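See below for the structure under consideration.
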Amino acid sequence: MLQRLAKKKVLLLSALMVSGLVRAEETLPDVVKHFSEQQDIKIIKKIDAPGGAPAWLGQYQDMGVTLFLTPDGKHVVSGYLYDEKGTNLSEAFFQKEIYAPMGREMWKKLNAAHPLKEGAETAPRKVFVFADPFCPYCKQFWAEAQPWVKAGKVQLNTLLVAFLNPNSGRNASAILNAKDPVSAWKAYELSGGKKLPKPEGAASRETVEILQNHQTLMDSLGANATPAIYYLNEQNELQQVVGMPDAKQLEAMFGPKP
């Protein structure tokens, strides 16, 4: 009897799920459905857009899209929604439903990588930076970050990549293969790139994989130059700064200077 009741519950749940899917499909007008399929736009949800026009939030690759249905129900408009003050209202939907969730997933991937960690695990702020051993702005950023790191305010996580110089891979591998990679990286930066651990044979497969994974992660984040810096703002939204930050940007990511 219990088994039959369990089966009935499963069947009822399945029926409700199917009927829900059917209703969801029915609420999507044909013109919106056909347009989104043609343009490879993933419809995320219907949104309550000001002005009363039926509207849907979609995603094309990594970008947000808003679609609006005309009163005759036969045409769809793709674009941004603005209010009378010229404020882009679509961006709020994009941030909440697309960019913020994507940022949280990227933050998880950054934390799962193999960075060179400087600073306490208990530091209130955590910053990740992709750095090439031959990048002068990476050295400048590392130096600028030290007061916050030494004060226990920031944990700096450096993800080495190798693409700026033919010797980038050799130097990055030597640092990662050192007995103490973090100390080796510090010595390398303090010496202006002159103090490098003596390479012990060819780079290990593990080291090569780490560098490749870092490059893949950097590419997936949309960065094409170093330093590529990532941190969470006060709203726990992922922020990106590519290139050497100015004083205002440094304070935004690190907090007030100690």
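Some points to look at:
- Where trypsin sites (Lys or Arg not before Pro) in DSSP loops with at most 14 other Cβ within 10 Å are excluded, longest remaining stretch of the chain: 86-178
- Label point 7 Å beyond Cα of Gln215 along Cβ direction - residues of the stretch 234-254 with amide nitrogen under 20 Å: 243
- Cα-Cα P(r), the stretch 149-241, percent of pairs per 10 Å interval: 14, 42, 33, 10, 1
- Helix 181-190 axis, angle to the chain major axis (alpha carbon atoms, nearest 10°): 70
- Percent of Cα pairs exceeding the 20 Å cut-off, where the set is the stretch 97-195: 40
- Over the stretch 59-125, equivalent-ellipsoid semi-axes from the Cα gyration tensor in Å: 39, 15, 7
- The residues of the stretch 69-109 present an accessible area of 69 Å² per residue when probed at 1.4 Å with all protein chains retained.
- Solvent-accessible heavy-atom area per residue, rounded to whole Å², over the stretch 181-247 at 1.4 Å: 59
- Placing one equal scatterer on every Cα of the chain and applying the Debye formula, the log10 ratio I(q)/I(0) at q = 0.07, 0.13 Å⁻¹ is -0.40, -0.89.
- In this label model, Asp48 and Met102 are separated by 2.6 nm, measuring between points 7 Å along each Cα→Cβ vector.
- P(r) weight above 17 Å for the stretch 136-187, C-alpha pairs, percent: 42
- Dipole of the chain, positive direction: furthest Cα of Tyr188, Cys138, Val31, with charges on the beta-carbon: Tyr188
- Carbon + sulfur, % of accessible area of the chain - ligands and nucleic acids excluded, 1.4 Å: 54
The values are calculated or read from the model by the stated rules, or taken from the named source; none is laboratory data. Predicted model only: the values in this text are computed from it and were never measured. All Cβ positions, even for glycine, are placed from backbone atoms using ideal geometry, and neighbour counts span all protein chains on display. The area values use the complete protein model at the heavy-atom level, side chains included, leaving out ligands, DNA and RNA. Shrake-Rupley method; radii C 1.70, N 1.55, O 1.52, S 1.80 Å.
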